[in-house]
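Down below is the structure, laid out as structure tokens.
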Amino acid sequence: MSGIAHARPGDLTFVANAKYLPQLTRTRASAVILGANGAAAPRAASKAARPPCAILRADDPYSAFARAVALFAHARPPDKGVDPLSAVAADASLGVDVSIGPFVTVGAGATVGARTVVYPNAVIGPGVKIGEDCVIHSQVAIRDRALVGNRVILHDGVVVGSDGFGFARQKDGTHLKIPQHADVVIEDDVEIGANSTIDRPAVGETRIRAGTKIDNLVHIAHGVTIGCRTLLAAQVGIAGSTIIGDDVTMAGQSGVTGHVTVGDRALVGAKSAVLQPVGADTFVTGIPAIDHADWRRASVTFARLPLFRKRIAQLERRIATLEEKLARWQKRKKGR
Amino acid sequence: MSGIAHARPGDLTFVANAKYLPQLTRTRASAVILGANGAAAPRAASKAARPPCAILRADDPYSAFARAVALFAHARPPDKGVDPLSAVAADASLGVDVSIGPFVTVGAGATVGARTVVYPNAVIGPGVKIGEDCVIHSQVAIRDRALVGNRVILHDGVVVGSDGFGFARQKDGTHLKIPQHADVVIEDDVEIGANSTIDRPAVGETRIRAGTKIDNLVHIAHGVTIGCRTLLAAQVGIAGSTIIGDDVTMAGQSGVTGHVTVGDRALVGAKSAVLQPVGADTFVTGIPAIDHADWRRASVTFARLPLFRKRIAQLERRIATLEEKLARWQKRKKGR
Amino acid sequence: MSGIAHARPGDLTFVANAKYLPQLTRTRASAVILGANGAAAPRAASKAARPPCAILRADDPYSAFARAVALFAHARPPDKGVDPLSAVAADASLGVDVSIGPFVTVGAGATVGARTVVYPNAVIGPGVKIGEDCVIHSQVAIRDRALVGNRVILHDGVVVGSDGFGFARQKDGTHLKIPQHADVVIEDDVEIGANSTIDRPAVGETRIRAGTKIDNLVHIAHGVTIGCRTLLAAQVGIAGSTIIGDDVTMAGQSGVTGHVTVGDRALVGAKSAVLQPVGADTFVTGIPAIDHADWRRASVTFARLPLFRKRIAQLERRIATLEEKLARWQKRKKGR
């Protein structure tokens, strides 16, 4: 398996993004997965770019590629069992065929479901419940009583259940900490990228619903709800008590303010700041985020602002000249 | 204790944000904390929205709620003592009633003050001094000789004392590393959110002053000073040698360039980039950050830029028409 | 060694940034490194600001300072040898004079080169190859089969080789995970800041080329290539399959979209979003990033947008008045 640019004889590759079609003609791969009926390539283009190798057609070449990668991937899962160098509380409950690596801490009363793998140096707090078939990578910290569903993947350095950023400003200017001990729930089939952080609230809950995928270095504040099958790209931030719907996509480095709702299937452009509620099925971009098409047109215009300034100043001069001219004429007329 | 939306019979809830007042009439909570004299709700509104439960009035309902949460919070602190699976240097100094979890490393000559809790897998470097009543969560790394005050809370994955990003570009284009071994100081009552990073400088010091609260995934560069009681929301970044005043508030994903000063009590809007010094008691927003009111007005106008373009073009056509007309008249007149 | 502001008698300090020259006259330092021939200070300014201490002249005062810091820096490297509290796989290969701290995990078949230091609680996965003279700080996670060159520095909490964010959306809206098991390569002399994350791809490779320096909390997605001697400031994000050239500088909190190329020696301004390919030797800023000079002019104009709106509206009224006036005249003329 190899990308189109690096493929060598013997490799299987794929093209799902039309941008890479021109590279097809010079690939050294032995086989390539392409869209059936031009799913990835318009018919004409794919004829023009007939690759010098076997072609496998699939309705959805990216999914076919995903399945092929899974067949060939040579990930060696760690050995089953509990490493003698771990610290598992006597009353913790471990399912069948779990794998607990060295220097893993599992707190009092915690549960780790069947076949779940916990990589070295991860910390699972007291009372945490983790479901079956999860993968908890190294350096993860899951704080006390957090709930993690089945088939959840937490990449290295993820923090689940840290205190929300909640303080009440006192009359002397100091900040009284509001204890943050309420629930944090990661539902089934969620994947969270390296060094992302999911805070817990003072009351209520923080919840990441089933099937949602979160990239690296993402911040989810206290009391946030993220819907099902939503995608949050890297370095996204969601402020406190905000609700993100189902099937939402937020591009990299975008953010949403606190106490608002982003509707189902909404798209948020890269680097955007959502400061107002966003309806379902909308596409917003910008700081503050506005309709994407409006933002695009305005952005193109932005670089011309200095030119606008000149043109407005010119117009003002021209109109002043006309006004003077007309005023002189009027005077002369009256003078007649 | 519960949020207004999730409260059930038997629960105490609160409303400090007027936005949630409409939910009052249908709450299932048994009691609610509200502002006295309409602190959270204007008199009329609170009459209109009389909740179907007991009302507790407080001058500052958020602080009252914070205190109530603290009464009911069921956080179980870890046991006192030094876990046998930790690695504490023989010459490290541990105060009374400390708690040192499994797989914690405490380096040579380090000091951990009385009643401080160090959660599993945290690393405290050689010569580090940590005060009393601190909470150092899992996966924290405090590098050698860092100074941490009393009642400091470092959430999971925080790094204190990593090398500042300092290089001198050489004639051949390579970057000569400037060793970063100077001081980093976290004063009393500071709280730092999960996976935030506080660098140390080559010379001088990085200092976070007393009572400042920092959210998750925040970057504080080398040689920065953050004043007292300042709030930095998630994913904020402060570049090298910059000075942030007392009682400043920086909203999420904002940043400040290097070598500038942000005055006391300044507010920086979400996603802003402060590229110039900011005075005390000012509110700035934008990229680059400008006066917040100016930014707000300009932002509202931004979406209309394409319209401006059309209107300017129309004006140019109309004025050209007028100019031609007048020119023709003038010609005719002269011709007479 | 001390910064110009904190220097006391007995200290050596330096001025490489002209901004700090005014502080020279009142420094308490015993000696200061300054540019020869006004490298840091124009001749006149350096005369005006003659410091009350010894002056050391250097062609490049910042590099001279870097070397002086290195002479005086009091970093104590950890002891050589393998800590008995570590977990080193029986078939791992350790070079001479390595230092492996407590609670370090070194996986099966991994290689750690001569004189490399691995700080406490770092995790080195199975099959990882690390070169000579590297420094791997605490809480680092290097996933299986990652390749790390010589003289590489990974600060605390860095993750190398986590799964890229790759999913194929299925017809029912769920996301099929594309296994991410391909290569991730960190070449010689790279330094990566605290809590930064470097993902690995499904196919091909993620590669950070020699001499590149990356600051804290930076995200490098799957399949990205970063060239030689490039500088990425804190909180930068690079999306999947993008290629960043040699000697590029990206300022803090900037980002680049996926599948584009940023040319050699390009500069990207703070907080910018590169959404299109960027040529070599260009300087771009903004969201989306445009030519820096254009952006600067447009940004200055941005705050005046509400004024533009007023001026355009005024122009429209004035021109309407003129048009009416002329129309009346024309009518009258015809009427004559």
* Tally, over the stretch A:230-258, of residues that are surrounded by 24 or more Cβ atoms within 10 Å (Cβ to Cβ), closer than 20 Å to residue A:189 by Cα and either at pLDDT below 95 or not hydrophobic (A, V, I, L, M, F, W, C) (or both) -> 1
* Residue satisfying all of: in the stretch C:147-178; β-branched (Val, Ile, Thr) and closer than 29 Å to residue B:167 by Cα; nearest to the other protein chains (Cβ to nearest Cβ) among these -> C:159
* Take the stretch B:221-247 and flag every residue that is aliphatic (A, V, I, L, M) and in contact with an Asp or Glu (Cβ under 7 Å, 6 or more places away or on another chain). => B:221, B:232, B:233, B:234
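I'd like to check something: does the stretch A:179-194 contain any residue that is under 25 Å from residue B:29 (Cα atoms), within 9 Å of another protein chain (Cβ to nearest Cβ) and surrounded by fewer than 19 Cβ atoms within 10 Å (Cβ to Cβ)?
Initially, the stretch A:179-194 is screened for residues under 25 Å from residue B:29 (Cα atoms), giving A:179-185.
This time we only want the ones that are within 9 Å of another protein chain (Cβ to nearest Cβ), so: A:179-182.
Checking the rest, the ones that are also surrounded by fewer than 19 Cβ atoms within 10 Å (Cβ to Cβ) come to none.
Looking for residues that are under 25 Å from residue B:29 (Cα atoms), within 9 Å of another protein chain (Cβ to nearest Cβ) and surrounded by fewer than 19 Cβ atoms within 10 Å (Cβ to Cβ), one finds none in the stretch A:179-194, hence no.
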* Only one of these is at pLDDT 80 or above, under 27 Å from residue A:83 (Cα atoms) and in contact with a Gly (Cβ under 7 Å, 6 or more places away or on another chain): C:110, C:90. Name it. => C:110
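Does residue B:175 satisfy being under 25 Å from residue B:275 (Cβ atoms) and in contact with a Phe, Trp or Tyr (Cβ under 7 Å, 6 or more places away or on another chain)?
yes
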* Asked: Which of (1) facing chain A (nearest Cβ under 10 Å); (2) more than 30 Å from residue A:315 (Cα to Cα); (3) in contact with a His (Cβ under 9 Å, 6 or more places away or on another chain) does residue C:273 not meet, given it meets every other one?
  -> (3)
* State the number of residues belonging to the stretch A:202-226 that are assigned to a loop (DSSP other than H, G, I, E, B), out of contact with any Lys or Arg (no Cβ under 7 Å at 6 or more places or on another chain) and surrounded by 24 or more Cβ atoms within 10 Å (Cβ to Cβ). => 9
* **Single residue of C:290, C:186 found to be more than 13 Å from the chain's Cα centre (by Cα), within 27 Å of residue B:161 (Cβ to Cβ) and of a type in the set (A, V, I, L, M)** => C:186
* Output the number of the condition that residue B:241 fails; it satisfies all remaining conditions of (1) away from chain C (no Cβ under 11 Å); (2) polar (S, T, N, Q); (3) at positive phi. => (1)
* Here are B:95, B:149: which of them is over 24 Å from residue A:138 (Cβ atoms), crowded, with 18+ Cβ neighbours inside 10 Å and out of contact with any Pro (no Cβ under 9 Å at 6 or more places or on another chain)? -> B:149
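For residues that are in contact with a strand residue (DSSP E or B) (Cβ under 7 Å, 6 or more places away or on another chain) and part of a loop (DSSP other than H, G, I, E, B), scanning just the stretch C:267-281, find the one that is farthest from residue B:273 (Cα to Cα).
Applying the first criterion (in contact with a strand residue (DSSP E or B) (Cβ under 7 Å, 6 or more places away or on another chain)) to the stretch C:267-281 yields C:267-274, C:277-278.
Those left that are additionally part of a loop (DSSP other than H, G, I, E, B): C:269-272, C:277.
Working: C:269: 11, C:270: 8, C:271: 7, C:272: 10, C:277: 24 Å.
Within the stretch C:267-281, the match that is farthest from residue B:273 (Cα to Cα) is C:277.
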* Structure fact -> Filtering strands (runs of 3 or more DSSP E) wholly in the stretch A:83-199 for at least 1 residues that are more than 30 Å from residue B:58 (Cβ to Cβ) gives A:159-163, A:183-186
* Please verify whether the stretch C:52-70 includes one or more residues that are of a type in the set (Val, Ile, Thr) and either at positive phi or at pLDDT below 85 (or both). => yes
* Asked: Do we have any residue at all in the stretch B:130-138 that's closer than 23 Å to residue C:84 by Cβ and without any contact (Cβ under 8 Å) to a residue 24 or more places away in the chain?
  -> no
* Scan C:226, C:220, C:208 and give me the residue that is within 13 Å of chain A (Cβ to nearest Cβ) and within 18 Å of residue C:262 (Cβ to Cβ). => C:220
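Residues checked against (1) at the interface with chain A (Cβ under 10 Å from one of its Cβ atoms); (2) over 16 Å from the mean Cα position of the chain (by Cα); (3) on the phi < 0 side of the Ramachandran plot:
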| position | (1), (2), (3) |
| --- | --- |
| C:262 | no, no, yes |
| C:267 | no, no, yes |
| C:279 | no, yes, yes |
| C:282 | no, yes, yes |
| C:297 | yes, yes, yes |
* Structure fact -> A careful count of residues in the stretch C:12-51 that are crowded, with 20+ Cβ neighbours inside 10 Å, farther than 19 Å from residue B:168 by Cβ and modelled with pLDDT of 75 or more gives 4
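The values are calculated or read from the model by the stated rules, or taken from the named source; none is laboratory data. In this text the structure is predicted, and so the values were computed from the model without any measurement. With ideal geometry, Cβ positions are generated from the backbone for all residues, glycine too; neighbour counts draw on all protein chains shown.
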